[in-house]
1. Scan segment 165-211 for residues that are of a type in the set (S, T, N, Q), out of contact with any Pro (no Cβ under 6 Å at 6 or more places or on another chain) and closer than 15 Å to Asp143 by Cβ and jot them down.
2. Output yes when any residue across segment 47-61 is closer than 26 Å to Ser139 by Cα, touching a Cys at 6+ places or on another chain (Cβ under 6 Å) and more than 16 Å from the ligand (Cβ to nearest atom), and no when none is.
3. What helices (runs of 4 or more DSSP H) lie completely within segment 240-348 and have 2 or more residues being under 28 Å from Arg19 (Cα atoms) and under 15 Å from the mean Cα position of the chain (by Cα)?
4. From Gly133, Gly116, Gly157, grab the single residue that is at pLDDT 95 or above and under 17 Å from the mean Cα position of the chain (by Cα).
5. For Gly59, indicate whether it is in contact with a strand residue (DSSP E or B) (Cβ under 7 Å, 6 or more places away or on another chain) and among the small types (Gly, Ala, Ser).
6. Considering each of Asp227, Asp247, Asp188, Asp239 in turn, give the residue that is touching a residue at least 12 places away in the same chain (Cβ under 8 Å) and more than 12 Å from the ligand (Cβ to nearest atom).
7. Determine, yes or no, whether Phe18 is within 16 Å of the ligand (Cβ to nearest atom) and either surrounded by fewer than 15 Cβ atoms within 10 Å (Cβ to Cβ) or in a helix (DSSP H, G or I) (or both).
Amino acid sequence: MTLSIRHEVLRLPLAQPFRISRADPGAGDEVTTVIAELRDERFPDVVGLGEGYPNRFFGETPATMAAVTPVLLEAAGSPEPTADGLRAASERVEAAIRWHGAAKCALDTALHDLVGKLAGEPVHRLLGLPAEGPPTDFSLGLDEPAVVAERARAVAGFPAIKIKVGGEADLPTLEAVRAVYDGALRVDANTGWSLDGARALLPRLVELGVELIEQPFPVGRLDWLADLQAFSPLPIVADESCVEPADLERLVGACAGVNVKLAKCGGPGPAVRMLRQATELGFRAFLGCMEETSLGIAAAAAAASLAEWVDLDGPLLLAADPFEGLALGADHRWQLADRPGLGVSRRP
Ligand SMILES: [Mg+2]
């Protein structure tokens, strides 16, 4: 093994409070993410940058990331700096241990950046994918209906808004947003609804022109998911219930779509494989994110062409993005830099 890695834990303030249905009260003003610097002793002048966003919901913290990373590095070995070498190393890291998506994501993303820089290729090209994907939506957290509507008005140029629901006032919130916003509305309950509640809300969601419903129920309630999907003209998308490729087969027949995130499945390599498998199984593919910086979002955007829906707004939710090099186009598509690797570097 010739690789070594250094993690840096960043605590980043959010531009505005971001609450979801199962967050602790008072949480949502800042986020914690982990930046990785990967070095290969054979190529001492090049540093690969990666990011993994630890989600306590899946049991990950910066400490668990640090604890499992030696196992993952051992699995990565000394990859050849080519597309084939990268893919093989990425698959070994993914298979080394179950779960720990953020730890894998930090390493896998840094590997893609490092090999891209060494091979002189942007990451999307190493993956054999086009640079452009669908436009991203913009996410709004739980708050008073008038507050959410005001925030919606401020981002009304986005083609879609993702609204967090599962709070006290879901319907008044959606009605208030619809009154000021004409674009697509996606709702995400983050496991916060009951089956009866969702069935009762559904006709009004259809009238309001909601485009999709994300993770209405607790993770294990695939039976509720299947029940609602059978009854719903809107696609239901699994997020918390769909972490790794192994989850896809269990979800066949239970919901129309799946939300793939690099921080859940383990980085751009696993995300590409999972998005392809999801499509082959007949799912509509959603590519999502946590509140990563533009470093992590650049890695996700490299795979965005494989998704029908894109929610890659992490850096847009931060008060300040510590990285530069990734631009959001006027059409709200991420514009990947035509530079080797991820094309992202630290702001001076
Ligand atoms: Mg979600």
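The values are calculated or read from the model by the stated rules, or taken from the named source; none is laboratory data. Just so it is clear, the model here is predicted, and its values are computed rather than measured. Neighbour counts run over all protein chains shown; Cβ positions are idealised from the backbone, glycine included.
1. The answer is Asn190, and nothing else.
2. yes
3. Values: elements: 245-251, 262-265, 268-280, 294-301, 314-317.
Result: 262-265, 268-280, 294-301, 314-317.
4. Numbers: Gly116 fails: under 17 Å from the mean Cα position of the chain (by Cα); Gly157 fails: under 17 Å from the mean Cα position of the chain (by Cα).
Within the list Gly133, Gly116, Gly157, the selection yields Gly133.
5. Numbers: in contact with a strand residue (DSSP E or B) (Cβ under 7 Å, 6 or more places away or on another chain): no; among the small types (Gly, Ala, Ser): yes.
No, not satisfied.
6. On the way: Asp247 fails: touching a residue at least 12 places away in the same chain (Cβ under 8 Å); Asp188 fails: more than 12 Å from the ligand (Cβ to nearest atom); Asp239 fails: more than 12 Å from the ligand (Cβ to nearest atom).
The conditions single out Asp227.
7. Working: within 16 Å of the ligand (Cβ to nearest atom): yes; either surrounded by fewer than 15 Cβ atoms within 10 Å (Cβ to Cβ) or in a helix (DSSP H, G or I) (or both): no.
Taking the combined requirement at face value, the residue does not satisfy it.
Quick grid of which residues meet (1) touching a Ser or Thr at 6+ places or on another chain (Cβ under 7 Å); (2) under 24 Å from Ala160 (Cα atoms):
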| residue | (1), (2) |
| --- | --- |
| Leu208 | no, yes |
| Pro216 | no, yes |
| Gly220 | no, no |
| Glu240 | yes, yes |
| Glu244 | no, no |
| Ala256 | no, yes |
| Lys261 | no, yes |
| Ala271 | no, yes |
